[in-house]
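Here's the structure, in structure tokens; my notes come after.
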């Protein structure tokens, strides 16, 4: 009997044909992806190539860098006053420490601290009683000696009469004359003793020797005081008043020592804020230069009506030492130093580029520098920010005065005297 098997020969064939179809489909997809990738790359290359000329044009049309803005000023031609400032101290025109010329107890203090006193004003009084006794004694001695002189003169008349008659010798007459002369000399000594005693009494009234302002009282009434003590009070004369200050000797090299031949104005400025205190005149150029500092002392006198200047105060004294005529000057901030010397940054007028110009400095007067050579009047020089500049750079100038005016409007600029 034959065994029948299921009819399944076709299933293996179907399973064998399925992978072949998947392979063909996968291959087709890869081919399409490659075509798309190749097309995208070609488009990108084309787009990049077509964009290069426009980029080059864009780069070619970029605007150049703007010029650097700098502060600048023009060199000026004219008269340049040379101002000199010296630091000094205020000194009273006269200063006296009032001390008694006689020793004794203070009965009364008459003045008030800070009071304006005048010469011969009474300041204090001592007890005069201890000095009355010597005065009375000297007066009594004088009276006794005057009586002796009267008696001696009477004796001389009698002796003279006897000598004329031959009853007295010449020796007796001469002795009587000498006695009178001796008594007269004694009387002169008595008068001197009286004057001395009276002077001691006068010394008990203590007066001011000068006009000035009384300072702080050093002693009170009731205390004993002698001529060797510190004193009663110090009187300082403030009107006028003096300022002694030092300046470089070169600043006044052409001035003779002593009192100036003409009036030279001097302004006293507060040392901390340059506030003007008073205006006076130069009164003395000292007769020697300090070799250690190469400075010389000057003395100026101020009226000091408002008492703004006080003894011991530090002040700055400002005066004009010389006037340079027809000088070329620039702001001192424009002048720079290098290893090769002194220079300025000159702005060329034709293209506003910078040139490093070597200059020779004649004199520096604070904010102004006088140029001996290297610049002409009207040349424009840079006054700020030179450290960031180089020759050949193109700049745009801004007046240095505009910044100063703005600072002055804001109250940040000090007034120059």
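The values are calculated or read from the model by the stated rules, or taken from the named source; none is laboratory data. Everything numeric in this text was worked out from a predicted model, so none of it was measured. Don't worry about glycine lacking a Cβ; one is built from the backbone with ideal geometry, like all the others, and counts go over all protein chains shown.
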With respect to residue 214, is the statement that it is over 15 Å from residue 300 (Cβ atoms), in the same structural domain as residue 158 (by TED's automatic domain parsing) and either crowded, with 19+ Cβ neighbours inside 10 Å or at pLDDT 95 or above (or both) true? no
Residues satisfying the stated conditions in the stretch 237-259, i.e. surrounded by 15 or more Cβ atoms within 10 Å (Cβ to Cβ) and assigned to a loop (DSSP other than H, G, I, E, B): 255
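Any residue that is in contact (Cβ under 8 Å) with a residue 12 or more places away in the chain and assigned to a helix (DSSP H, G or I) - is there at least one of those in the stretch 203-222?
yes
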Please work out which residue is farthest from the chain's Cα centre (by Cα), limiting yourself to the stretch 103-114 and to residues that are exposed (fewer than 15 other Cβ atoms within 10 Å of the Cβ) and not in a strand (DSSP E or B). 112
Picking from 168, 193, 138, which residue would you name as being surrounded by 15 or more Cβ atoms within 10 Å (Cβ to Cβ), modelled with pLDDT under 90, not in a strand (DSSP E or B) and not assigned by TED's automatic domain parsing to the domain that holds residue 307? 168
Going by what's in this entry, would residue 124 be described as at pLDDT 95 or above and either exposed (fewer than 15 other Cβ atoms within 10 Å of the Cβ) or part of a helix (DSSP H, G or I) (or both)? no
Among the numbered criteria (1) closer than 18 Å to residue 76 by Cβ; (2) surrounded by 12 or more Cβ atoms within 10 Å (Cβ to Cβ); (3) modelled with pLDDT of 90 or more, which single criterion is violated by residue 365? (3)
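When you scan the stretch 285-383 for strands (runs of 3 or more DSSP E) that lie fully inside it, which ones turn up with 1 or more residues that are over 30 Å from residue 394 (Cβ atoms) and more than 19 Å from the chain's Cα centre (by Cα)? Talk me through it step by step, then tell me what you get.
Working: elements: 295-302, 314-331, 336-338, 341-347, 354-358, 360-365, 368-373, 380-382.
Result: 314-331, 360-365.
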Using the structure shown, decide if residue 262 is part of a loop (DSSP other than H, G, I, E, B), over 24 Å from the mean Cα position of the chain (by Cα) and not assigned by TED's automatic domain parsing to the domain that holds residue 115. yes
